[in-house]
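Scroll down for the structure; my scribbles are underneath it.
The values are calculated or read from the model by the stated rules, or taken from the named source; none is laboratory data. Keep in mind that what you see is a predicted model, and the values were worked out from it rather than measured. Here the Cβ positions follow ideal geometry from the backbone for every residue, glycine too, while neighbour counts run over all protein chains shown. These accessible areas exclude ligands, DNA and RNA; they are computed on the full protein's heavy atoms, side chains included. Shrake-Rupley method; radii C 1.70, N 1.55, O 1.52, S 1.80 Å.
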Amino acid sequence: MSAARPLTALRTVAAIAALPLLLTACGYGSQAAEDDEQPKVAADAKKLSAGEVRIGYFPNLTHATALVGVQEGLLQKELGGTVIKPSTFNAGPSEIEALNAGSIDIGFIGPSPAINGYTKSKGQNLRIVSGSASGGVKLVVNPEKIKTLDDVKGKRIATPQLGNTQDVAFLHWVSEKGWKVDSQSGKGDVSVLRTDNKVTPDAYKSGSIDGAWVPEPTASKLVSEGAKVLLDESDLWPDKKFVITNIIVRQAFLKEHPDVVEAVLRGTVKTNAWITANPDKAKESVNAALKKETGKPLSAKVIDAAWPSITLTDDPLAETLQAQADHAVDAGLLKKPELAGIYDLTLLNKVLKAAGKPEVADAGLGAK
């Protein structure tokens, strides 16, 4: 498998959320918004097999590949006359619903909603066709109340939502410490408070939580309020890598328009390479895209702190997807899923090979 590409100054965010027993994702709300600004397409540009491709993503740092790829025109360049129709989502469930309804064709999304979307449709609706980002999740705490990892016991720790990717990771970590917590109520040796990322900083300032296991930039927003990073989740994974954002596609679209999907993947591979080679420009591009999508860019203090904690990677890090599913099962938040067939990396590996890059593996979970 190819090595993830560390950014000299970028690594990112994504909030993923879930419903009890079935993982979904949580971002910053639940509505999709179509981008009113149309991409520039040359008049003589040749269309591929589809006139347009509808792409969904979150206005989060862990979706930097999409944000920069659209903002800089790197995806549109590969698509020629096939027009990108971007939509932003504030929650994984709404993006999965849009994919299921055929409202979008390709999405950037976290592992939990990808697993949920695949299992709920009995493997009939989506495929993961590429990775996008790794890392970007931290345990940040009030340094006056929590000085060591053992001090977390008995404290109030926020996670974004019951059963979401960070909630599962924290419950797994708690279990590894030998502490007991009821996964549904969050009560036990640690009080797990499911708190929307939008309000977590205010909850921290008010003193209603003692810390949080959260993605970027929420973690760095807490640090800007005086919190301290106690643990980076990357330190718990082999080679410090775990998937936080995948690229998924509707199976019907993949079957009918493989040339379009391949063009998008050429664009994402080139975008990741561009971000790696131009970290300062990429950071400006991400913040410009965030301002356009949310009306407010991140402060320099927050984005500079959040930037290094995520690695953009074309590799979907398939082994870590399986591990995250296993952790959710162990926590009692997910029935054991059948993930065979969730990946189709054929087009990605074709693109990587053409670019002179190593191919990536699907951990035995590829489509037959």
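Starting from residues that are among the charged types (D, E, K, R) and surrounded by 24 or more Cβ atoms within 10 Å (Cβ to Cβ), keep the ones in region 93-125 and report whichever is nearest to residue 202 (Cα to Cα). The residue in question is 95.
Just checking, which of 150, 196, 202 is more than 27 Å from residue 117 (Cβ to Cβ) and either aliphatic (A, V, I, L, M) or under 24 Å from the mean Cα position of the chain (by Cα) (or both)?
Values: 150 fails: either aliphatic (A, V, I, L, M) or under 24 Å from the mean Cα position of the chain (by Cα) (or both); 196 fails: more than 27 Å from residue 117 (Cβ to Cβ).
Residue meeting the stated conditions: 202.
Scanning for something assigned to a helix (DSSP H, G or I), open to solvent by 40 Å² or more (accessible area, probe 1.4 Å) and out of contact with any Cys (no Cβ under 8 Å at 6 or more places or on another chain), does region 358-365 turn up at least one residue? Break it down into steps so the answer makes sense when it comes.
Just the residues of region 358-365 that are assigned to a helix (DSSP H, G or I), to begin with: none.
Checking region 358-365: not a single residue is assigned to a helix (DSSP H, G or I), open to solvent by 40 Å² or more (accessible area, probe 1.4 Å) and out of contact with any Cys (no Cβ under 8 Å at 6 or more places or on another chain).
Of the residues in region 310-332, not one is modelled with pLDDT of 95 or more, more than 27 Å from residue 235 (Cβ to Cβ) and assigned to a helix (DSSP H, G or I). All of 129, 141 fail the test of being aliphatic (A, V, I, L, M) and farther than 17 Å from residue 245 by Cβ, apart from 141. Annotation: of all residues in region 194-226 being open to solvent by less than 60 Å² (accessible area, probe 1.4 Å) and in contact with a Gly (Cβ under 7 Å, 6 or more places away or on another chain), the one that is nearest to residue 304 (Cα to Cα) is 216. Which one of these is surrounded by fewer than 24 Cβ atoms within 10 Å (Cβ to Cβ), β-branched (Val, Ile, Thr) and either within 30 Å of residue 82 (Cα to Cα) or free of Cβ contacts under 8 Å to residues at least 60 places away in the same chain (or both): 320, 276, 268? Step by step, each of 320, 276, 268 is checked, and only 276 is surrounded by fewer than 24 Cβ atoms within 10 Å (Cβ to Cβ), β-branched (Val, Ile, Thr) and either within 30 Å of residue 82 (Cα to Cα) or free of Cβ contacts under 8 Å to residues at least 60 places away in the same chain (or both).
When 198, 187 are checked against the criterion of being free of Cβ contacts under 8 Å to residues at least 12 places away in the same chain and of a type outside the set (Ser, Thr, Tyr), 187 stands alone in meeting it. Considering region 233-249, and only residues there that are touching a helix residue (DSSP H, G or I) at 6+ places or on another chain (Cβ under 9 Å) and open to solvent by 40 Å² or more (accessible area, probe 1.4 Å), the residue that is farthest from residue 314 (Cα to Cα) turns out to be 236.
Say we look at region 126-165 and pick out the residues that are in a helix (DSSP H, G or I) and open to solvent by less than 30 Å² (accessible area, probe 1.4 Å); which of these is farthest from residue 176 (Cα to Cα)? Among them, the one singled out is 165.
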